[in-house]
Amino acid sequence: FIMQRRLEPPEGFEDTDGFNEALAAHLLDHPTLTPSPTAHATRKGRHSGELLTPPLGPMAAFRDQVEAGFRAYKRKFAGEPAHPYLDACPADVEISVWGVVMDEDGHQVPHIHPSAWLSGVYYVEVPDSVCDDDPARSGWIEFGRPPLDFHAKQPPRTTLIRPREGLMLLFPSYLYHQTVPFRAPVERVSVAFDLLTD
């Protein structure tokens, strides 16, 4: 139930790079950007509050991209065998968006989004060190591994995906996910979102 989606540049932006530059500037200048807030999963980085508040700037176009991703996600899994998650797909959702700016050794601890049905992340700026050649998978996102205090008789089945600028991932909100700490003296910028049931 993890879907990868490459974004086309929204209307009003010449290309994806221009859109990403606008998103990064909006996020880095956002008044709610806070260093590693204890209420969130971000460590050694900054985490914003709600980004769908005026002035929206490029977030209006981003909200449209999230809505398009939700429609594409539902189409992708239409006709699948009965499954409790798919059967609970809401007809309408409310969107919440926030940003994460990670510094060197930045990461997110394993967590879920219990208030949402579908969650996602869009990669705005990704350091060159986040690459396929790195055996440590620094900066990658990992799905399926719960917190260390969850005891189990066997190791979890996990999926690792390399972030790429312009890539959006959509996944079930109940799925544990975390970021592998990355090693680079530059920022890694992403925008995350939840699709909340009404």
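Before rounding to the nearest 500, sum -39500 (n - 2.57) across all DSSP H runs of length at least 4 in the chain and divide by the residue total; then give [θ] at 222 nm in deg cm²/dmol.
It lands at -5500 deg cm²/dmol.
Using mean Cβ contacts within 10 Å as the protection proxy, how do 171-178, 90-97 order, highest first?
171-178, 90-97
Taking a ≥ b ≥ c as the square roots of the Cα gyration tensor eigenvalues, with a/c under 1.5 meaning rounded and otherwise prolate when a/b beats b/c, else oblate, which class fits region 95-198?
oblate
With θ set to phi - 60° and the Karplus curve 6.51 cos²θ - 1.76 cosθ + 1.60, what are the ³J(HN,Hα) couplings of region 57-63 in order, to the nearest whole Hz, using x for Gly and Pro?
x, x, 5, 5, 5, 5, 4
Please name which of 150, 140, 168 has its Cα lying farthest along the dipole of region 130-198 towards the positive end, using unit charges on Cβ (Lys, Arg +1; Asp, Glu -1) and the Cα centre as origin.
After comparing all options, I get 150.
In terms of modelled amide H atoms, which long-range or inter-chain residues lie less than 5 Å from the amide H of residue 140?
For residue 140, the qualifying residues are 180.
Keeping the other protein chains in place, figure out the carbon and sulfur percent of the accessible area of the chain, with a 1.4 Å probe.
Ligands and nucleic acids excluded, carbon and sulfur reach 51 percent.
May I ask you to evaluate 6.51 cos²θ - 1.76 cosθ + 1.60, the Karplus curve with θ = phi - 60°, for each residue of region 170-186 and list the ³J(HN,Hα) values in order in whole Hz, giving x for glycine and proline?
Per-residue couplings from phi come out as 10, 7, x, 5, 7, 7, 4, 8, 7, 10, 6, x, 10, 10, 6, x, 9 Hz.
Rounded if a/c is under 1.5, else prolate if a/b is larger than b/c, else oblate: which is region 1-152, with a ≥ b ≥ c the root eigenvalues of its Cα gyration tensor?
Rounded shape, in that the Cα axes give a/c under 1.5.
In region 9-129, with Lys and Arg counted as +1 and Asp and Glu as -1 at Cβ, which of these residues, 115, 48, 100, has the Cα nearest the positive end of the dipole, that is, farthest along it?
115
Using the Cα centre as the reference, give the magnitude of the dipole from point charges on the C-beta atoms of region 1-57 (Lys, Arg: +1; Asp, Glu: -1; all else neutral), rounded to the nearest 20 debye. Mind showing how you got there, number by number?
Values: 5 positive and 8 negative charges, 111 e Å.
Using Cβ point charges on Lys, Arg, Asp and Glu, region 1-57 gives about 540 debye.
What is the magnitude of the charge dipole of the chain about its Cα centre, with +1 placed on the Cβ of each Lys and Arg, -1 on the Cβ of each Asp and Glu, and no other charges, expressed in debye to the nearest 20?
Using Cβ point charges on Lys, Arg, Asp and Glu, the chain gives about 840 debye.
If you plug each phi of region 113-129 into the Karplus form 6.51 cos²θ - 1.76 cosθ + 1.60 with θ = phi - 60°, what whole-Hz ³J(HN,Hα) values come out, in order, with x for Gly and Pro?
Values per residue, Gly and Pro as x: 10, x, 8, 10, 9, 10, 10, x, 9, 10, 9, 9, 9, 10, x, 4, 5 Hz.
Send over a whole-number figure in Å² for the accessible area per residue of the chain, probe 1.4 Å.
Numbers: 10250 Å² over 198 residues.
That works out to 52 Å² per residue.
The values are calculated or read from the model by the stated rules, or taken from the named source; none is laboratory data. A quick note: this is a predicted structure, and the numbers were derived from the prediction, not measured. Glycine gets a Cβ as well: all are built from the backbone with ideal geometry, and neighbour counts include every protein chain shown. What goes into the accessible areas is simple: the full protein's heavy atoms, side chains included, and nothing from ligands, DNA or RNA. Shrake-Rupley method; radii C 1.70, N 1.55, O 1.52, S 1.80 Å.
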